Structure formats: C-alpha cells, structure tokens
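Asker: Here it is, the structure, as structure tokens.
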Amino acid sequence: MIAPGAVAITAGLLAHQLVFIHGEWHLKGPSVVVIHVLVLGLLHAKHLVDHGNTQISLVQTISLATCYLSSLFTSMTAYRLMFHRLKHFPGPKLAGITKLWHVWKCRDSRGHLVLQDWYEKYGELVRTGPSEITIFHPEAYEAMDGSDNRNTRSDWYDLLYPRVSSIFTRDRELHHERRKMWEQALSRKGVVNCRAHNVLETDAVVQLWSSIIGEL
C-alpha cells in the first residue's frame, strides 16, 4: 500500500506540472484557496471517520497538507530557477522565485529606488519576477506599448480587476472598440505631435525642479 505522504508529495508535483505551470493564476487565487481548503476539509472528515479521534485526524491532515505544499513549492522553485525561459536574465534570485519578495522590498513605498538599485547592479534587462522582465531603456516604451505593437499586455493591467477601462483592459477587441473615439488623437501623427509637446513640457518641469534644487 502506498503511503499517504508519498501520495501527497506526488499530488503536489502533478499539481504544478499539469496545472499551475500553465496559464495565468493571479486572478484565480481566491478560487484556488477555497478548493484547497475544501479538499483539506474532506481529508480531515475522512480521517475523523476512520479514527474517531479529532486530534489524530487533525495531525494527519496537517501532515498531508505539509507534504503536498512542500512538494508543490519545491517544484515551482526548481522550475523557476533552472528551467524557466527567463532563467538566463540577470536579477535577484529571490525575485525569480516569487514576486512577493519584490513586493516586500517595496513595503516602504520606495519601489523606484529598489528598481534603480537593480538597474545599476544588473543592467538594462532585469528579471524582477518569476515571469517578469523590467526594461530600463527609453526605446522599450515604443516597442512594447507603442501604437504599432502587437504585444499582449502583462498581468499588471489587471490592477483594477474586475473593473476595466480603455487603458487597463487586456482584451484587444474591447480596447479596439473603446479607442474608436480616440482614433484621431491616437493616430501616428497625433501621437508624434503630442510627444513633442510632452517633451517640451517635461523639459520645463525638469528645469523648474533644477532651479528649485539649486536654491536649496
């Protein structure tokens, strides 16, 4: 008979390799948690029926959950560090394992300084998350988010989910439909003209700040 712990470890490996390694899961977090809690509840109920002892059944359930989660997160860590497509990009190792580490580094609301430090240490291309590359280059804006780009927007644009807007939607059809009223302003000519104006205004702000700093 196969030991329950071995089954839990195998389940953790399979959960990652067959399920969580595919697609995006950032919007499904609550559902994933609920499903796991329900499964643990059923396991606890089964152990309670088998043994009739609450303490024993609770210990067994926690033991199986520990085996499962340890296996799951070990598999995720190994994959992200050794097999992920972004493994060759420079960046903090912990950032390559979990985005939560980057969030923790920005807990004092100085994320811009964290990114500046990483830019100086790792260069223009930095892996700042398991599936995330931060690019420190002015041409990246046009290439990644310009009028001619064909890129799929990152999960950052789900920031306001379930609310959506013309700016934050990741749905190409919805974005195309909502931007019709902006076609003239967002045309190549309109964007170029607007960019030139923005550059002038930005230079004016920079000069103003420089003069203020010089007076301090």
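Derivation of every value follows stated rules applied to the coordinates shown; laboratory data play no part. Quick caveat: nothing in here was measured; it's all calculated off a predicted structure. When we count neighbours, we look across all protein chains shown, and the Cβ atoms used for this are built from the backbone with ideal geometry, even at glycine.
Asker: Within straight cross-link reach of LYS99, meaning Cα distance under 24 Å, which lysines are found once same-chain residues fewer than 8 apart are removed?
Answerer: The qualifying lysines are LYS28, LYS87, LYS121.
Asker: Could I ask something else about it? When the helix-only estimate is applied to the chain (DSSP H runs of n ≥ 4, each -39,500 (n - 2.57), divided by the residue count), what is the mean residue ellipticity at 222 nm, nearest 500 deg cm²/dmol?
Answerer: Computed ellipticity for the chain at 222 nm equals -19500 deg cm²/dmol.
Asker: Which far-off residues, 5 or more places away or on another chain, put their amide H under 5 Å from the one on TYR161, with H placed in the peptide plane?
Answerer: Amide H to amide H, under 5 Å and 5 or more residues apart or across chains, TYR161 pairs with nothing.
Asker: Let me ask another. Under 5 Å between amide hydrogens, which residues at least 5 positions from THR169 or on another chain qualify, with H placed 1.01 Å from N in the peptide plane?
Answerer: none
Asker: Another question about this same structure. On a straight-distance basis, which lysines could pair with LYS180 in a cross-link, Cα separation under 28 angstrom, same-chain partners fewer than 8 positions away excluded?
Answerer: Partners found: LYS189.
Asker: Using the Karplus curve 6.51 cos²θ - 1.76 cosθ + 1.60 with θ = phi - 60°, what ³J(HN,Hα) values do you get for each residue of region 69-76, in whole Hz, with x for Gly and Pro?
Answerer: Ordered by residue, 3J(HN,Hα) equals 5, 4, 5, 4, 6, 5, 5, 4 Hz.
Asker: For Cα extents along the principal axes in Å, the choices are [x] 48, 45, 31; [y] 76, 45, 33; [z] 113, 23, 21; which was calculated from the structure?
Answerer: Of the labelled values, this structure produces [y].
Asker: For the ranges 73-79, 206-212, what's the packing order if you count other beta-carbon atoms within 10 Å of each residue, average per peptide, and put the highest first?
Answerer: So the peptides 73-79, 206-212, ranked by packing, come out 73-79, 206-212.
Asker: Karplus couplings for region 150-167 from phi (6.51 cos²θ - 1.76 cosθ + 1.60, θ = phi - 60°), rounded to Hz, Gly and Pro as x?
Answerer: Couplings: 10, 7, 7, 5, 6, 5, 4, 6, 8, 3, 9, 3, x, 6, 10, 8, 4, 7 Hz.
Asker: If you don't mind, another one. Given contacts defined as C-alpha pairs under 8 Å and at least six residues apart, what's the relative contact order of the chain, whole-number percent?
Answerer: In percent, rounded to a whole number, it is 13.
Asker: Continuing with the same structure: Which far-off residues, 5 or more places away or on another chain, put their amide H under 5 Å from the one on ILE133, with H placed in the peptide plane?
Answerer: When sequence neighbours closer than 5 places are left aside, the close amide H contacts are THR128.
Asker: Considering region 117-209, what Rg and Dmax in Å follow from its alpha-carbon atoms?
Answerer: 16.1, 44
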